[in-house]
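Asker: Sharing a structure, written as structure tokens. Questions coming.
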Amino acid sequence: MKTITKTLLGSAIGLAMAMPAMAEEFRLGLITPPPHVWTRAAEAFGAELAERSGGEHSVTVFPAQQLGNEAEMLQQLQTGALDMAFMTVAEVSNRAPDFGAFYAPFLANDIEHAARILRSDEAKGMMDQLPATVGVVGLGYGMAGLRQIVSRGDVASAEDLAGLKLRITPFAPILDFYNALGAAPTPMPLPDVYDALANGQVDAIDMDAELIWLLKYYEHADTVVQSDHMMFPMVGLVSGRVWAGLSDEDKALIAELVAKHVDSTIDSYVALEQDWLDQIAATETTYTRVDADFFGDAVAQWNAIWSEKSGALDMLRDVAAATAE
Ligand code: BEZ
């Protein structure tokens, strides 16, 4: 009897292992608009997954916050209502503060350096905590260049930022940075920024070169300050619940392709960032370049706050030192 049970069990396990992966129609959400580098990478991921799975799997990409803002999408990932997202590390850092270390002001000397930091084993290792702390699986990093400041008024020194209603992405590290500068940081999701700047609801915005150029934010500003003050990583996420239901074969394929396509965004920004900045500098908007000195002791203040909040800051500083050129 025992032998029969064992045999039946054995063949059931054998059958399960030999079973072809189930066809899945995945939903992938992001907040970026359709022509954005991240959205195009998500579409390319979907196309390659369909091809490599022989048409078994498909991905429908929902850009421009169609499924909700990032906080809402992260919740949907946790419950399994959403399968995948290409999401700012900023949002993840609201749940897992270690990730705040990526936003150490001037951690990266330039965009190539930011790329090397993000591609380090140490940075990748930080994703290991995500299933337990956030309920999602992180499969790789992308980025959106370095951060700049766009202002409706003149900005000749950091004192000119004091009291300004300055739009920020809703996350703590950037809030702490602008608070240290005496600005009035105003958290606002990306899709709301254009109108807020155009109609004067905010005085200034924290933004990257791609969007300053492509969405023409500079047209509603007197000054663009190229400060390169922070990197802006993205992470490719799969719902932990959805992941648990995938076959090993599907996990391997999805892990490979998400990592490949989010990483491709790093190459895009390294290749294109300077062009966007040059084109912004050539407009009639006043364009100034500044370095860490411009921000006075705000950088030191930020470091003091975040050495308490993030356990990964020293590690990423070591990585930055080891990968600087
Ligand atoms: C932002 O909040 O500024 C942002 C979000 C996603 C991609 C690029 C920028």
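The values are calculated or read from the model by the stated rules, or taken from the named source; none is laboratory data. Please read these numbers as outputs of a predicted model, since none were measured by experiment. All Cβ positions, glycine included, derive from the backbone under ideal geometry; neighbour counts span all protein chains shown.
Asker: Only residues in segment 106-127 that are among the basic types (Lys, Arg) count as the first member; pair them with residues that are modelled with pLDDT of 95 or more, Cβ under 6 angstrom, at least 6 apart or cross-chain, and list the lot.
Answerer: Every condition considered, the pairs that remain are 116/323.
Asker: State yes or no: is residue 167 touching a helix residue (DSSP H, G or I) at 6+ places or on another chain (Cβ under 6 Å), among the basic types (Lys, Arg), outside any loop (DSSP other than H, G, I, E, B) and not assigned by TED's automatic domain parsing to the domain that holds residue 184?
Answerer: no
Asker: Okay, next question. Considering each of 267, 228 in turn, give the residue that is part of a helix (DSSP H, G or I) and either closer than 20 Å to residue 39 by Cβ or touching an Asp or Glu at 6+ places or on another chain (Cβ under 8 Å) (or both). Quick ask: steps written out before the conclusion?
Answerer: Values: 228 fails: part of a helix (DSSP H, G or I).
Answer to the selection: 267.
Asker: Right, residue 84: at pLDDT below 95 and not aromatic (Phe, Trp, Tyr) or not?
Answerer: Taking the combined requirement at face value, the residue does not satisfy it.
Asker: With respect to the numbered conditions (1) in contact with a Phe, Trp or Tyr (Cβ under 9 Å, 6 or more places away or on another chain); (2) within 14 Å of the ligand (Cβ to nearest atom); (3) in a helix (DSSP H, G or I), which one is the sole condition not fulfilled by residue 144?
Answerer: (3)
Asker: Do you know which residues across segment 288-325 are assigned to a loop (DSSP other than H, G, I, E, B), under 24 Å from the mean Cα position of the chain (by Cα) and surrounded by fewer than 16 Cβ atoms within 10 Å (Cβ to Cβ)?
Answerer: Result: 291, 311, 324.
Asker: For residues in segment 153-164 being outside any loop (DSSP other than H, G, I, E, B) and not small (Gly, Ala, Ser), which is farthest from the ligand (Cβ to nearest atom)?
Answerer: Here the residue is 159.
Asker: Now a separate question. Within segment 215-246, work out how many residues are within 30 Å of residue 256 (Cα to Cα) and within 16 Å of the ligand (Cβ to nearest atom).
Answerer: 8
Asker: Quick one: how many residues across segment 243-265 are within 21 Å of the chain's Cα centre (by Cα) and closer than 17 Å to residue 46 by Cβ?
Answerer: Summing the residues that are within 21 Å of the chain's Cα centre (by Cα) and closer than 17 Å to residue 46 by Cβ in segment 243-265 gives 12.
Asker: Right, next: Among 195, 222, 208, which is the only one that is surrounded by fewer than 18 Cβ atoms within 10 Å (Cβ to Cβ) and touching a residue at least 60 places away in the same chain (Cβ under 8 Å)?
Answerer: Of 195, 222, 208, the one residue that is surrounded by fewer than 18 Cβ atoms within 10 Å (Cβ to Cβ) and touching a residue at least 60 places away in the same chain (Cβ under 8 Å) is 222.
Asker: Which of the numbered conditions does residue 191 fail, given that it passes all the others? Conditions: (1) modelled with pLDDT of 95 or more; (2) part of a helix (DSSP H, G or I); (3) within 20 Å of residue 72 (Cβ to Cβ); (4) within 17 Å of the chain's Cα centre (by Cα).
Answerer: Exception for residue 191: condition (1).
Asker: Check off (1) within 23 Å of residue 90 (Cα to Cα); (2) buried (at least 18 other Cβ atoms within 10 Å of the Cβ) for residue 285 and give me the number that stays unchecked.
Answerer: (1)
Asker: Does residue 123 qualify as being within 16 Å of the ligand (Cβ to nearest atom), out of contact with any Asp or Glu (no Cβ under 8 Å at 6 or more places or on another chain) and in a helix (DSSP H, G or I)?
Answerer: Working: within 16 Å of the ligand (Cβ to nearest atom): no; out of contact with any Asp or Glu (no Cβ under 8 Å at 6 or more places or on another chain): yes; in a helix (DSSP H, G or I): yes.
No.
Asker: Can you tell me which residue is nearest to residue 208 (Cα to Cα) among those in segment 88-107 that are crowded, with 24+ Cβ neighbours inside 10 Å and touching a strand residue (DSSP E or B) at 6+ places or on another chain (Cβ under 7 Å)?
Answerer: My answer is 88.
Asker: Could you check segment 35-75 and list, in sequence order, the residues that are more than 16 Å from the ligand (Cβ to nearest atom) and either in contact (Cβ under 8 Å) with a residue 60 or more places away in the chain or at positive phi (or both)?
Answerer: Matches in segment 35-75: 44, 45, 48, 49, 52, 53, 54, 55, 57.
Asker: Then there's this: Say we look at segment 192-206 and pick out the residues that are near the ligand (Cβ under 10 Å from one of its atoms) and touching a Ser or Thr at 6+ places or on another chain (Cβ under 9 Å); which of these is nearest to residue 297 (Cα to Cα)?
Answerer: By that ranking, first place goes to 206.
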